[in-house]
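What follows is a short report on a single structure.
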Amino acid sequence: MAEPARAAAGRRDSIRKTLLIYLGALSLIGAALLFLAARSYGRAAADRSYDHLLIASALSIADSVALVDGQWQVDLPYAALDLLAMAPEDRVFYRVSSREGQAITGYADLPAPPSPPRDGQPRLFDAMYRGENTRFVAVSRWVAGPAAQGQAIVQVGQTRRAREALADDMVLRALVAIVALSLAALALVWIGVYRALRPLQRLERELSERDPSDLRPVAREVPAELDQTVESLNRFMARLAASNETLRAFMGEAAHQMRTPLAALRAQAQLALDEDDPAEQRRSLETIERNASHMSRLLNQLLSDASAIHRSHLQQFETVDLAELLHQAIFEAVPQSGPRPDLHLALTSEALRVRGDALLLREAIKNLIDNALKHGRAPLQIALTAAGEGVAAPTAVLTIADHGPGIAPADAQTVFERFARGRDAAAGGAGLGLAIVKRIVESHGGAIDLSNRVGGGLVVTLRLPRTAV
């Protein structure tokens, strides 16, 4: 079983891994976009630089074109081409032609521009010439002579080697900067993720170094995003501490309460073994039977108390009908054989529903009825009514009144403590019934109190918040 558990743990998502993947991917995408932008900018910048030289050369040549006696003349300014020759790895081409397409001078087979250039507006284009990608510019110029005028078109071309080398150099320099920035960004991402998760590591280390019984709240300062997690953890540890304390107290008190009847049983059994008189043996056996019955009742109440503690912590509540629970509790608490006690039941016609654990509420009502039957006198009066109509917190009120001796004012609160019994309580009880009832009622947001009725007797009043559903 350990291997599959470890394998499942290895497949779990990691916050650090997730953050590093997403932030690292974001950094790499940013670096790629920066590279594409730098490459585009480098090529555009190289084109702008060399295009200015290309246009200047074409305009310089256009200024040297003249029309004399109807004949074209070109006094080619070689300085114009020398500007382009500053890039020794490139080849330069030129052509001067008339509007009709007649070549005046230069390379006659140069590719024509996609559309004729307009006067004063250079037209740039790329074309393949003699196996190389070449950048061309075409300009037109109207030339007037003494007797005629005409339009000359000047076209200058330059291979792209120098400008591509310039663009590559600019891209390389940008790439170095981008790589450096990307590495710095990834390092910052790693450091940021480490620092962001360090509070979790400190919290984990603090909890792992604690003693198993140390359930104190976590007091360490944590980032705002972890406040709710730490608060939930503290609430959980508080509930666990309360549960452990209740369990320790329950085990200690249960051991203390069980020790006395067990010792009595053992003593009576030893006495019966040593007794030869059948009559004395019978009395010893009767005493053993009484002690065993008392211990059986004690065990039942201890189990009921443990169940109430457990289910109160779970709080798996649902909407229940209190009148129906009352009928069930009366059926279970009142003996079905022998003479039935005198019992008067008064119920409101209104449906009284509460949110709660049906088993616990039935157990609480049954304990109250059982106490009234054992320690009070008939007739027993049970009433279920509604209170708080028209206010924000309507309640259901259950009263159980007997005609017994009532309760001393000093015992009105102490009887709700575990293993505590009233001064005038009859023998045989364990002192857990009312403690169980109080725990159940308070876990449902209700309240219970005891009072003496006029003319003698005890009145137990139980209040529970109602629900409209």
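Rule-based calculations on the coordinates, nothing more; no lab input. Keep in mind it's a predicted model, so treat the numbers as computed, not measured. Cβ: placed from backbone, ideal geometry, glycine included. Neighbour counts: every protein chain shown.
Structure above, values below:
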| item | result |
| --- | --- |
| Shape box of the stretch 57-137 [Cα atoms, principal axes, largest first, Å] | 40, 28, 22 |
| Folded to 0 to 90 degrees: helix 322-333 orientation relative to the chain principal axis, Cα | 40 |
| 12 Å beta-carbon shell around Ala56, net charge (K/R +1, D/E -1) | -3 |
| Translational D in µm²/s for the stretch 15-209 (Stokes-Einstein at 10 °C, 1.306 mPa s, Kirkwood Rh from C-alpha pairs) | 77 |
| Test item: Cα-centred dipole of the stretch 210-314, Lys/Arg +1 and Asp/Glu -1 on Cβ, debye | 260 |
| Mean-position separation - Cα centroids, the stretch 83-135 and the stretch 211-287, in angstrom | 104 |
| Candidate aspartates and glutamates for bridging to Lys438, where Cα separation is under 12 Å - those fewer than 8 sequence places away on the same chain excluded | Asp305, Glu363, Glu417, Asp449 |
| Computed [θ] at 222 nm, helices only, for the chain once each DSSP H run of length n ≥ 4 contributes -39500 (n - 2.57) | -18500 deg cm²/dmol |
| Assigned charges on the beta-carbon of Lys, Arg, Asp, Glu; the chain dipole about Cα centre (debye) | 320 |
| Pair-distance profile P(r), taking every C-alpha pair of the stretch 210-314, with 10 angstrom steps and integer % | 13, 26, 20, 15, 12, 8, 4, 2, 0 |
| With Cα atoms, 0 to 90° folded angle of helix 278-314 axis to the chain main axis | 30 |
| Protection proxy ranking of 273-286, 359-372, 448-461, 394-407 - average other beta-carbon atoms within 10 Å, highest first | 359-372, 394-407, 448-461, 273-286 |
| 10 Å-binned pair-distance histogram of the chain (Cα, whole percent) | 3, 12, 13, 11, 8, 7, 6, 5, 5, 6, 7, 6, 5, 3, 1, 0, 0 |
| Antiparallel bridges, percent of DSSP beta bridges restricted to the chain (to nearest 5) | 90 |
